[in-house]
Structure formats: C-alpha cells, structure tokens
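J.: Below is the structure I would like to discuss, written out as structure tokens.
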Amino acid sequence: MLGDNNAGKSTLLNAILGEKIAIVSQKPQTTRNRIRGIKNIENAQIIFLDTPGIHDAKGYLNEFMVREALSALEDVDIVAYLVEAGKKTEEEHFIIENLKNIKCPVILGINKVDTVQKDILLPLIDEYSRLYRFKEIIPLCAVKGEGTGELVKLIIELLPEGPKYFSEDILTDQPERFIAAEIIREKVFLLTKQEIPYSTAVVVEKFKENPQKKIVSISATINVERDSQKGIIIGKGGNMLKQIGTRARIDIERLLGTKVFLELFVKVVKDWTKDKRLLKEFGYH
C-alpha cells in the first residue's frame, strides 16, 4: 500500500486484518518501517505491505522512510495507492510519476469519503481516472471498514496463483518485540505534541515470557534528542510516562493475549535523527 502522509494506510491495513498490527495517529509520518500484514481467506492469502507516507524528505530519517515506501514497488504483484478524499498534496504528482514506471496493476483507494459531500465524489473519481490508468477506483472509509471487502475481493481477482508463504495463524512477520516498540511509540504520538514524536525512537531491551506465571515482562527505552524532550516525556511527577506505559500495556496485552509487565525508561541520545550510525542502531537502515 502506497500513499502520502495521513492517507490512512495503517488504519486500512488494521481494518482488513481485523487486528491492530500497524500504529496510527492523526500526525503525519507515523509509520517509519514497511510492515507486512497477512490476510488469510478461503483459497487465498494476501500479503500486504504498509509503507511510510511519501513526503518531502529532509534529513536522514525522512530519506529512509521515503526509500522504504518506494522500494516496496519493486517486488509486488499489485499496488494499492491510497489518497485522502478532497485533499490534494504536493507528493501526489511525484507518486503518480513513479507509478508510471511499474508494470503491475494499480488500484486507487479514495479514503475518508465520509468527510466529503457525496456530489463531489464522482467528479473526483473522474479526475483521478484522467491522471493514471488505474485498474479500479474504490471509495473507502477505512476507520469504519467501508469498502474494504470490495478492495480485498478485487485484489484476490488480480493476484497470480502461488503458494501460501505463511501459516494461517500468522498476522504479520514482524516479531512481537517490534510491534510492542511500535505501540509504545504510538502512545508517544498520541499523548505528546509538537516535535516530540518525531524525535522519538523506542528500543525494546528485554522481552521475556514466563509461561508458568502467564506474564510477559518487557523493558523498553524511549530515546529522545534533547533534555527538554526527556522532561516532556516523563512529565510532572512522572505522569506522562505513566500514561504512555498504561495505554501501551493495555494494547500489548490485547496483542499477546496475556498479562504484561511493562517497564519504560527515557534516554537522551543527542541528535540521533541526524546520525546514520544511530539510525541503523535504532532499526532504520
């Protein structure tokens, strides 16, 4: 799945899978890595790639995110390009130009159609059909799950025959500790403001299962760039960090289906977003 910032790709992936494996927020540039989601249906298995939003890349971290998104076009059978209804972006022309270089079918999903008047939808579809020869254009409301069934049905029709690459009980090939780190980072996005989320990298230091006690113990470090950001993450009397931990723990427990003991630390790593070595260390390479 390809699109610009805040088009709703992660929300759409979660809606299709019926489980939350990709983090979401109202802030742009939430997704940083490509995330595979596996949808198993009778006689079919679809492997979705949720990619970072394409945007004007300034700095090493943003350049990594755009590379992640565009490289996803190289080995896929179908591209689902997602746009937000009624919202034109500068990146749209750049994305469509890149689509002209690929040979596989491209489906356009117009998301958030519930936010625009119905009488502008048909002219909007007509406008996009003149920009590119899309295989199909599907109106969607990912947050409500509307149009997702039609999208999945069309993808199955277009997919070539092949083997199942994953067992039917797997939703993603990402390890649980990666998703746990992403959930913690999501809560930072949701609870903090301004530049804080974009200066945050979460590293899970410990992920230990105790089958006898039916609990998973997780220790994670929230890395930020400056002392002032550390103060905001911790909050007065540790209140912000406690909120982040509580909300993250609830989601991680839902994901793992067991009790979780979550321990969070905050560390200042000066200007990590500008350091290629640190970017690689934090998983952005």
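We did not get these values from a lab; they are worked out from the coordinates using the rules stated. Please read these numbers as outputs of a predicted model, since none were measured by experiment. Positions of Cβ are backbone-derived with ideal geometry, glycine not excepted, and every protein chain shown enters the neighbour counts.
J.: Determine the gain in length on full extension of the stretch residue 122-residue 168; use 0.36 nm per residue of separation and subtract their C-alpha separation, reporting nm with one decimal.
T.: Length gained, residue 122 through residue 168: 12.7 nm.
J.: Want the number for residue 212 to residue 250: 0.36 nm per residue separation, take away the alpha-carbon distance, what's left?
T.: 11.6 nm
J.: Taking just the alpha carbons, could you work out the radius of gyration and Dmax for the chain, both in angstroms?
T.: 19.6, 61
J.: Here's a follow-up. What whole-number distance in Å separates the alpha-carbon centres of the stretch 142-181 and the stretch 81-132?
T.: 22
J.: Rule-of-thumb check for the stretch 176-281: C-alpha Rg over 2.2 N^0.38 Å?
T.: Here the Cα radius of gyration is 1.07 times the empirical estimate.
J.: Using a 7 Å offset from the Cα along the Cα-to-Cβ direction at both residue 268 and residue 236, what is the distance between the two label points in nm, to one decimal?
T.: 2.2
J.: May I ask you to compute the full-extension gain from residue 97 to residue 219, defined as 0.36 nm times their residue separation minus their alpha-carbon distance, rounded to one decimal in nm?
T.: Residue separation times 0.36 nm, minus the Cα-Cα distance, leaves 39.5 nm.
J.: Hey, another quick one. Is any helix in the chain, taking whole DSSP H runs, at least 20 angstrom long along its axis by alpha carbon and on average at least -1.0 on the Kyte-Doolittle scale, and which ones?
T.: Qualifying helices: 176-191, 239-256.
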